[in-house]
1. Based on the alpha-carbon set only, what is the convex hull volume of segment 56-198 divided per residue, in Å³?
2. Could you work out which residue, out of SER111, SER133, SER101, moves most in a Gaussian network model of the chain, that is, has the largest mean-square fluctuation with Cα springs under 10 Å?
3. Listing GLU97, GLU29, GLU119 from the residue with the fewest other Cβ atoms within 10 Å to the one with the most, what is the order?
4. How much of the DSSP beta bridge set in segment 5-220 is antiparallel, as a percent to the nearest 5?
5. Please list, in order, the residues from segment 47-63 whose amide nitrogen is less than 17 Å from a point placed 7 Å along the Cα→Cβ vector of ARG124.
6. For a distance above 20 Å, tell me the whole-number percent of Cα pairs in segment 20-103 that qualify.
7. Work out, step by step, the length gained on full extension between ARG196 and GLN169: first 0.36 nm times the residue separation, then minus their alpha carbon distance; give nm to one decimal.
8. For the chain, set up a Gaussian network in which alpha carbons nearer than 10 Å are linked by springs, and say which option among THR207, THR167, THR195 fluctuates the most.
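Just so it is clear, none of the values below were taken in a lab; they were calculated from the coordinates. Because the structure is predicted, anything quoted here is derived from the model rather than measured. Here the Cβ positions follow ideal geometry from the backbone for every residue, glycine too, while neighbour counts run over all protein chains shown.
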Amino acid sequence: MTSDALVIARPAGPPQQLLLLFHGVGADEHDLLPLGRQLAAEFAQACVLSVRAPQACDGGRGYQWFAVRDTDEQRRIERVAQALPGFLDTVRHWQRETGASVAQTALVGFSQGGIMALEATRDREAPAGRVASIGGRFAQLPRRATPGTTLHLLHGKRDPVMPYALTLQAAEHMLRLGADITADVLPFVGHEADTRMADCLVRRLRTYVPLRIWREALASDPGSPDTPRH
């Protein structure tokens, strides 16, 4: 089932990018409006939407992608798996609505929304060329990398809700699998998607060249130097 979404920006013609934002537990589609506006200002030809989670929050306020009451590691895995088909349907719905391809699509999730965005890439063909998680985590670490998708992990070092060590662990694991991934830990940031996080995300989206493009360039020019670090 497709969740409601707040259209933050939509160009008159076909968009060059589709940026889908997914909020955290107990919030709604308006929660990431400041982040969405900043992304819209940076990417003028992008369609930017903030998507509302489909379930009323069991905490009594806002919405959730999956239940958090009485959760543990195993229950989280099971609940995310149950929620994922609907999440993927929502991404595909907006791709059809806007005409955006997988390569043109970026998923940006905060907290629980970050979990859903990352899990959409785990051990399957990903629905987006870029996936960013802010203060999120994998419900369980992947067994293999996802070709064609770049992951951006962003975390506040002062996050009291989702320890930043989870981002470091995931980044190290994904690098061992050969994934295309960046990880940024911001020293004075907590569990929030504020302007500092937005600035970091914009910088990654604007300046980081996906590994697949470097590999294509190297394949076409065997005399080129090794892939640069970012």
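1. 117
2. Looking only at SER111, SER133, SER101, the largest GNM fluctuation is found for SER101.
3. Ordered by Cβ neighbours within 10 Å, fewest first: GLU97, GLU29, GLU119.
4. 20
5. Taking a point 7 Å out along Cα→Cβ of ARG124, the residues of segment 47-63 whose backbone N falls under 17 Å are 54.
6. Across segment 20-103, Cα pairs with separations above 20 Å total 43 percent.
7. 7.5 nm
8. Per the Cα network of the chain with a 10 Å cutoff, THR207 tops the list.
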